[in-house]
Structure formats: structure tokens, C-alpha cells
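Down below is the structure, laid out as C-alpha cells.
Taken together, the values in this text are just the output of simple stated rules run on the coordinates, not laboratory data. All values reported here derive from a predicted model rather than from experimental measurement. In this analysis, Cβ positions are derived from the backbone assuming ideal geometry, glycine residues included, and neighbour counts consider all displayed protein chains.
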Amino acid sequence: MLFLIKHLHVWFAILSISGFVLRFIWLIHSPHLLSKRWVKILPHVNDTALFTSGLVMAVGFGHSLSTLNWFSLKLALVAVYIIFGVLTLKLQIIRLYRFVLFGTALILYSSILVLAVMKPYLL
């Protein structure tokens, strides 16, 4: 069962970053597309599924937040990634700052991915 949830979690993560990149492109080139109802709802549905599947896996694999390890670092990076994602898409700022925030969010996502794949035992 955890095997299926793990694969669903990976797909939800792929959909999440793909949606973030697509919404950023639309924000720059076609902002009117962001006002569609499904564009506002679908990311929340996907991210809820992503969070839920991650929580189920964490419980199933016995991860604890009381110790500092790769898992707790990953959760902290996810929180920072969400903040940068929201700032990227919601703030009314100049284009350069928006690109810097977007790039930072992508770096954070890459860091999360590396932690999830490598699971370094030094942490």
C-alpha cells in the first residue's frame, strides 16, 4: 500500500511543480488565464493530495519530527518553498524580483527533490 502512495506522491509533486511553472509563464505572458476558476482551484486540490500522501507515508515509514534528519529538513524546505511560490505568484512587484523569487522557488524545489531521493543519513 505504501508503494502505491509513494508513487502517487511523486505524481502529485510533478503536477505541483508543473502547475507552478505553468502559472508563472501565464503570469508573465497571459495573465488573463490565471483568472479561470479551475486554475484557482486545481493547484489547491493537488497540493492537498500531495500533503496528505506525504503525511500518510511519514506515518507509515515511522518518521518523527522530534529529531533533526533529512525528513524534518525536507518539511522545512517545503514550507519555505510554499512561501516563495506564493510571493512569486501573488505579489505586485517588478518583473526582476518576480524572476528572482521564481528562481529561488525552483532551487528550493530541487533541494527538496535531492533530499527525497538521496535521504542523507548525515542529517
With Cα atoms, 0 to 90° folded angle of helix 95-118 axis to the chain main axis: 20 degrees
Identified option (computed Cα extents along the principal axes in Å; candidates (1) 32, 30, 27; (2) 71, 31, 28; (3) 44, 29, 20): (3)
Residue-averaged [θ]222 nm for the chain, counting only DSSP H segments that reach four residues, each worth -39500 (n - 2.57): -28000 deg cm²/dmol
HN-Hα J in Hz across the stretch 41-48 - Karplus 6.51, -1.76, 1.60, θ = phi - 60°, x for Gly and Pro: 8, 4, x, 5, 5, 5, 5, 5
Other-chain or far-sequence residues with amide H under 5 Å of N69's (modelled H): none
Inter-label distance for S72 and H7, nm, one decimal - labels placed 7 Å from Cα along Cα-to-Cβ: 3.3 nm
Under 22 Å, Cα to Cα: Lys pairs in the chain, sequence gap 8 or more or different chains: 5
Overall form of the stretch 66-123 per C-alpha gyration tensor (a/c, 1.5; a/b vs b/c): prolate
